[in-house]
Amino acid sequence: MSMRAFKRGTTPGILETNWETWGQAWEERKNHNPAACFHWHQHENTPVNQLLLPPLKEQTQAHCSFCDIFPVSPPGQETIEHFKPKQTFPRFAYKWDNLYYCCSFCQGKKLEKFDGNLLSPDTINYEFDRYFRWDFTNGYLLVNEQASLEDKKRASITIEIYGLNEGHPFLRMRELRRRVKDQQDSLDNFAYRNFLSTDDLTSDMTFL
Ligand SMILES: [Zn+2]
């Protein structure tokens, strides 16, 4: 979104056959001990998250699914985000469409908060412009004032829970200046692609 729409690939075979069993096992462990910590299931001696990270990452061209930062590098870390938190929705812990490539910054912000109004970038028919707009003078992500009341609420909750205006506006402006100088390079090599993909990248950027 910052959230940039993406199309989810098909469920990896390893999850297709195991997601329900592994989710139920985690749910039972949690019910037995509410303080239990989540650990990724091991498949043939490899933690499943290591197997899932590459296909998840490919779907978003290695950009964080939520803030679109790129690359995800230290001090940030690559993580897999459970859109429906694994503590509250243990059965979805291994459900393919509940998993997102995510930077540790976004993951840390969320703090296991979940709201049914939250938007996700691969929701069918999700369109950035329907919910959001940009302030190009300062890099802030804004709620689209033309949106319906319900859409405004969804946009606003999404900005808040994912912390999309915390730290990012400054970095968006920096990335925009970099993009204005180098428009030949692939957009995928920049962070904040939705912010940079405005139609008037050159004509309207005199304030930079
Ligand atoms: Zn992020």
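Read the figures in this text as sums done on the coordinates, not as results from a lab. Quick caveat: nothing in here was measured; it's all calculated off a predicted structure. Here Cβ is always computed from backbone atoms with ideal geometry, including for glycine, and neighbour counts include all displayed protein chains.
Listed values, structure above:
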| read-out | value |
| --- | --- |
| Mean separation of Cα contacts under 8 Å (6+ apart) over length of the chain, as relative contact order % | 24 |
| Ranking of Ser120, Ser148 by count of other Cβ atoms within 10 Å, fewest first | Ser148, Ser120 |
| Which listed pairs, of Lys57/Lys152; Lys30/Lys57; Lys57/Lys86; Lys152/Lys181, have C-alpha distances above 23 Å, in listed order | Lys57/Lys152; Lys30/Lys57; Lys152/Lys181 |
| Mean Cβ count within 10 Å, highest first, over the residues of peptides 15-28, 89-102, 161-174 | 89-102, 161-174, 15-28 |
| Whole-Å distance, taken between Cα centres, linking segment 87-153 and segment 1-20 | 16 |
| Electrostatic dipole magnitude of segment 20-176 [Cβ: Lys, Arg +1; Asp, Glu -1; Cα centre; debye, to 20] | 320 |
| √(5λ) per eigenvalue of the Cα gyration tensor, segment 1-155, largest first, Å | 29, 18, 15 |
